[in-house]
Structure formats: structure tokens, C-alpha cells
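Peer 1: Let me begin by handing over the structure; questions about it come next.
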Amino acid sequence: MLSIYGSAQRLCDGVSRRSFLKIGGLAMGAAGGIGLPQLLRAEALAGKTPSHKAIINIFLGGGPPHQDMWEIKTEAPKEIRGEFNPIDTQVPGIQICEVFKNIAAMMSKFVVIRTVVGNSGGHDAHQCLSGWERGNLQSVGGRPSIGSVLSKLRGPVNRGVPPTVALAEKTQHVPWSEPGGPGFLGAAYTPFKPQGEGMADLKLQNVTFDRLQDRQALLKGLDNLKREADANGSIHGMDAFSEAAFGVLTSSKLVDALDLSKEDPSVRARYGDGKPYKFQYDGAPTCNEHVLMARRLVEAGVRSVSLSYGRWDSHGDNFGLVRDHGAKLDQCVSALVQDLDERGMLNDVTVCVWGEFGRTPRVNNGAGRDHWPQVSCALMAGGGMRTGQAIGETNRLGEYALKRPVHFQEVTSTIYHNLGIDTMSTAIPDPTGRPQFLVDVRDPIREIV
């Protein structure tokens with residue numbers, strides 16, 4: 001479908017222009033929405049395209065149980081300890097849950113953080129995607145996500161590929177699938193979010209390239225009618241960004257990255273598909289293919305990929321959920337790190353796997369664990385970090401950080417550091433003109449950088 005709405009309207013900037021051009025599900029024009037031309041225009045203003053560092057941010061929506069994943073509490077009483085046993089890993093002295101056999105076998109490529117603190121308690125992805133509590137700077141639009149900051153500071157690697165992409169499928173509990181908002185940076189820095197099966201925004205539905213070119217010419221003609229009325233020059237240069245937007249539609253790079261049929265079948269088998277989807281309820285599926293797609297997107301030039309994996313809100317049957325979700329996560333994350341390593345990408349790509357908070361030490365009457373913001377956990381890999389480590393230790397019952405608490409923003413600072421952004425010196429002005437640093441806790445995790 002391609003629609004051109006020709007009636008002019010007056011926008012807040014006082015400029016009359018065509019409402020928008022729409023191809024498939026992707027808004028192409030300026031008015032009333034987040035268009036790809038605006039995104040590309042804003043990115044170009046940054047004027048920087050350094051080496052391609054990237055982040056794959058895997059959000060475990062619902063709050064994964066820290067004591068049933070990376071730090072099994074063998075000395076805790078039965079009502080706290082849980083059902084899992086620890087297993088040795090490739091790194092002497094580090095043990096993790098028996099469910100994560102593949103990760104254990106390549107532990108030298110990973111960092112386990114057992115004592116993430118500073119959790120806001122919000123049942124959403126905002127803190128994992130931005131490093132900030134949701135209410136921070138709300139009066140000027142809120143804090144931007146890491147992907148939006150990258151879009152602002154670094155711009156695209158390739159003009160046919162957006163710098164930040166969110167793969168999370170829509171969830172009934174909507175905050176578990178949020179893409180990571182642009183905050184005070186504005187709508188132009190919103191992550192690109194493919195729809196449906198990941199292709200709806202990119203397909204030229206019943207429109208051939210010849211017909212697309214005809215409509216592109218018509219678009220130029222409509223804009224040219226308004227040139228004389230463009231007293232402040234706001235329309236000048238629109239054609240270049242519309243050309244770039246058309247480039248996304250006509251270039252194979254982004255479409256190919258989302259098309260897993262083009263992937264080596266043996267690689268697809270290594271990742272698995274995460275099916276059957278169990279314990280999903282109002283959350284995300286355990287879609288292993290999204291993790292593979294994230295690698296393909298980064299390879300195509302995307303700087304930030306965020307995705308929501310599984311539904312970890314284990315108020316009931318916590319141990320059944322971890323056996324299911326954990327084994328599937330173990331397969332796809334170990335495959336991702338191995339894949340990045342084999343392709344020579346691991347030092348440039350940071351992988352971060354975490355959720356919004358941990359779970360209660362005491363198992364409830366439904367064999368579940370409830371919300372526990374006092375401490376949570378994270379798994380990291382790549383990014384040039386000193387891996388093969390386990391950082392921090394909770395007390396005997398897994399209630400709080402006993403040794404080396406790691407603040408949420410230390411993890412965020414580490415991600416920025418790996419991306420080549422100095423959080424000590426980098427600030428972005430908010431709409432009032434006041435410079436805002438990317439984090440308050442500006443030092444990355446000293447043990448791994």
C-alpha cells in the first residue's frame with residue numbers, strides 16, 4: 001500500500017506541507033508522526049560515523065530469579081535454597097545453575113554480575129534500556145535509551161540501516177516490550193521497530209520499484225509546489241532525507257538482515273527457535289530467532305538492538321519456568337557469543353542480559369518467588385571486556401549484596417564505555433539547554449574494563 005495525502009496543513013513550525021507519504025506501514029513524511037526522513041535527518045546532524053561498536057540488550061521481562069541462575073545458595077535452608085544445583089564452569093572457582101550448561105562450558109567469554117543494585121522496582125524495561133528510573137527528567141521528556149543516545153551521537157553506519165532497532169514483540173503487559181524511548185531527545189530518535197513478522201514496515205506491498213519511483217517523483221513535485229512559500233528554509237533539504245528513507249525500502253540490507261531464510265541452516269539450528277513457548281502469559285515469547293536476528297542486524301550496521309526475551313515474573317512454578325526459559329536462553333545466548341566470536345565481532349559488540357529486579361529469597365506457597373528490588377543480576381559478554389569473571393556476592397540467603405554491589409548505572413556506564421563513549425565528559429543538552437550527562441554513576445565496572 002502507498003498513500004499520498006495531498007491536502008496541506010499548517011504545522012507547529014508554521015510551514016504548510018503535505019501530510020505524509022506512507023509505504024506499507026512506514027511513515028515517510030514529516031507531519032504528525034515519527035518518519036524515517038526525520039530520523040535520518042536528525043542522525044545526519046550528529047556528523048559522526050566512527051567505527052562500528054554495538055550493543056545487543058536482551059531484557060528478561062518480569063524479573064529473573066538471581067539466586068536460581070548465577071549464584072545458587074547451597075547453604076540456605078530449604079524454603080529459600082530452591083531446587084537447582086550449581087555446576088562447575090570453564091573458569092575454575094565459578095559455578096552457575098545447572099540449567100546453563102552451554103554458558104558454563106564457555107564461561108571465559110562471559111561476566112556474571114551477582115549483585116546489581118539500584119533497582120527502582122518498576123515492572124518494565126526502562127531502567128535496563130536507559131540506566132535511569134522512569135520518572136527522571138520527566139518534565140522535559142524523560143531520559144533517552146542507550147539506542148537513542150547512540151542514534152544522536154553516532155548516527156547510522158549505513159544510510160540504508162537505522163542505527164537503533166527494537167525487536168521486542170508486543171506484549172499484553174506493554175512495558176515489557178517497550179523499545180527504549182528517545183526521552184528528551186525527541187521522536188526523531190525513536191528506535192525503528194519492525195512490525196508483525198519483522199517485515200511489514202519494509203515491504204512494498206503491491207508496489208513495484210517502477211511505481212515507487214513514479215510516486216517518489218510525485219512527492220518531489222508536491223514539495224516543489226511549496227518551495228516559494230518556504231520562507232524559513234525548513235523544507236530545503238527534505239529531498240535528501242526522503243531519498244535516504246526510500247533507500248531503506250529499496251536497499252536489501254535491512255530486509256535481508258530480518259530474513260532468517262538467508263541464514264546458514266546450521267547456524268539457525270545452533271540458536272534454536274525457543275519453541276514451544278511456555279509460561280508466556282502476558283509477556284514475551286522465548287524467541288531465540290530474535291537473538292540470531294540481532295546478530296544479523298548488527299552485522300548489517302545497526303548500532304543498538306534491544307529485545308525482550310521470555311516472561312520471568314515467576315510468582316508460581318518458579319523452578320519449572322527457569323528450567324524452560326533458562327535452557328532456551330542458554331542455547332541462544334551461548335550461540336550468539338560463539339557466533340560473534342567466530343565472525344571477529346565479539347570485541348566490538350557488547351551483549352547484556354538482565355531484568356528489572358530479582359526475586360524473593362523465600363519460596364512462596366505456589367512454588368514461586370515474588371518481586372525483590374533489593375538485588376538482581378546480569379550476564380555480559382564481548383565489548384573488549386575482561387571476561388571469565390563473577391563479580392559480587394549476596395549474603396547466605398540471597399537477600400542483599402554482601403560483597404561488591406554493582407549499581408545499575410555502572411552497567412550502563414560499562415556499555416557506553418564499550419561503545420567508545422566517555423560518560424565522564426559526554427553530555428547532551430535537554431530542551432531547556434541544560435547539559436545532561438548520560439549517567440550519574442559515571443564510572444564503568446572497574447573489574448572488567
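The values are calculated or read from the model by the stated rules, or taken from the named source; none is laboratory data. Please read these numbers as outputs of a predicted model, since none were measured by experiment. Positions of Cβ are backbone-derived with ideal geometry, glycine not excepted, and every protein chain shown enters the neighbour counts.
Peer 1: For the range 104-162, give me the residue count where each residue is of a type in the set (G, A, S), assigned to a helix (DSSP H, G or I) and touching a residue at least 12 places away in the same chain (Cβ under 8 Å).
Peer 2: At the first step, the residues of the range 104-162 found to be of a type in the set (G, A, S) are 104-105, 108, 118, 120-122, 125, 130-131, 135, 139, 141-142, 145, 147-148, 151, 155, 160.
This time we only want the ones that are assigned to a helix (DSSP H, G or I), so: 104-105, 108, 130, 139, 147-148, 151.
Among the residues that remain, those that are also touching a residue at least 12 places away in the same chain (Cβ under 8 Å) are: 104-105, 108, 130, 147-148, 151.
Number satisfying all stated conditions: 7.
Peer 1: Let me ask another. Which pairs have Cβ atoms under 6 Å, sit 6 or more apart or on different chains, and link a residue in the range 256-276 that is outside the structural domain of D324 (by TED's automatic domain parsing) to one that is of a type in the set (S, T, Y) and loosely packed, with under 10 Cβ neighbours inside 10 Å?
Peer 2: Hits for this filter: zero, empty list.
Peer 1: Same structure again: Which one is farthest from S376 (Cα to Cα) among residues in the range 388-425 that are part of a strand (DSSP E or B) and of a type in the set (G, A, S)?
Peer 2: Step one: list which residues in the range 388-425 are part of a strand (DSSP E or B), which gives 389-391, 393-394, 401-403, 406-407.
Going one step further and asking which of them are of a type in the set (G, A, S), we end up with 390, 401.
Working: A390: 14, A401: 9 Å.
Here the answer is A390.
Peer 1: Follow-up question, since we're still on this one. Regarding Q172, is this residue of a type in the set (S, T, N, Q) and not in a loop (DSSP other than H, G, I, E, B)?
Peer 2: no
Peer 1: Condition first: crowded, with 23+ Cβ neighbours inside 10 Å and either without any contact (Cβ under 8 Å) to a residue 12 or more places away in the chain or in a strand (DSSP E or B) (or both). Now tell me which residues in the range 92-103 satisfy that.
Peer 2: Of everything in the range 92-103, those that are crowded, with 23+ Cβ neighbours inside 10 Å and either without any contact (Cβ under 8 Å) to a residue 12 or more places away in the chain or in a strand (DSSP E or B) (or both) turn out to be I96, C97.
Peer 1: Quick one: count up the residues across the range 77-88 that are closer than 21 Å to G355 by Cβ and assigned to a loop (DSSP other than H, G, I, E, B).
Peer 2: The qualifying residues number 3.
Peer 1: Does the range 332-361 hold any residues that are assigned to a loop (DSSP other than H, G, I, E, B) and among the β-branched types (V, I, T), and which are they?
Peer 2: Scanning the range 332-361 gives a single hit, T360.
Peer 1: Can you name every residue in the range 100-143 that is among the hydrophobic types (A, V, I, L, M, F, W, C) and over 19 Å from M69 (Cβ atoms)?
Peer 2: The initial filter retains those residues of the range 100-143 that are among the hydrophobic types (A, V, I, L, M, F, W, C), namely 100, 103-107, 110-113, 116-117, 125, 128-129, 132, 137, 140.
Across the range 100-143, the qualifying residues are L129, W132, L137, V140.
Peer 1: OK, next. Assess whether S148 counts as being closer than 23 Å to L185 by Cβ and surrounded by 21 or more Cβ atoms within 10 Å (Cβ to Cβ). Break it down stepwise before answering.
Peer 2: Working: closer than 23 Å to L185 by Cβ: yes; surrounded by 21 or more Cβ atoms within 10 Å (Cβ to Cβ): yes.
The answer is yes for S148.
Peer 1: Further, regarding this structure: Which of the residues belonging to the range 355-379 are of a type in the set (A, V, I, L, M, F, W, C) and in contact with a Phe, Trp or Tyr (Cβ under 7 Å, 6 or more places away or on another chain)? If you could, list the steps in order and put the result at the bottom.
Peer 2: Within the range 355-379, the first condition is being of a type in the set (A, V, I, L, M, F, W, C), and the residues that meet it are 357, 363, 367, 372, 375, 377-379.
Passing the criteria: F357, A367, W372, V375, C377, A378, L379.
Peer 1: Is it the case that the range 190-199 has a residue that's buried (at least 24 other Cβ atoms within 10 Å of the Cβ) and at pLDDT 95 or above?
Peer 2: No.
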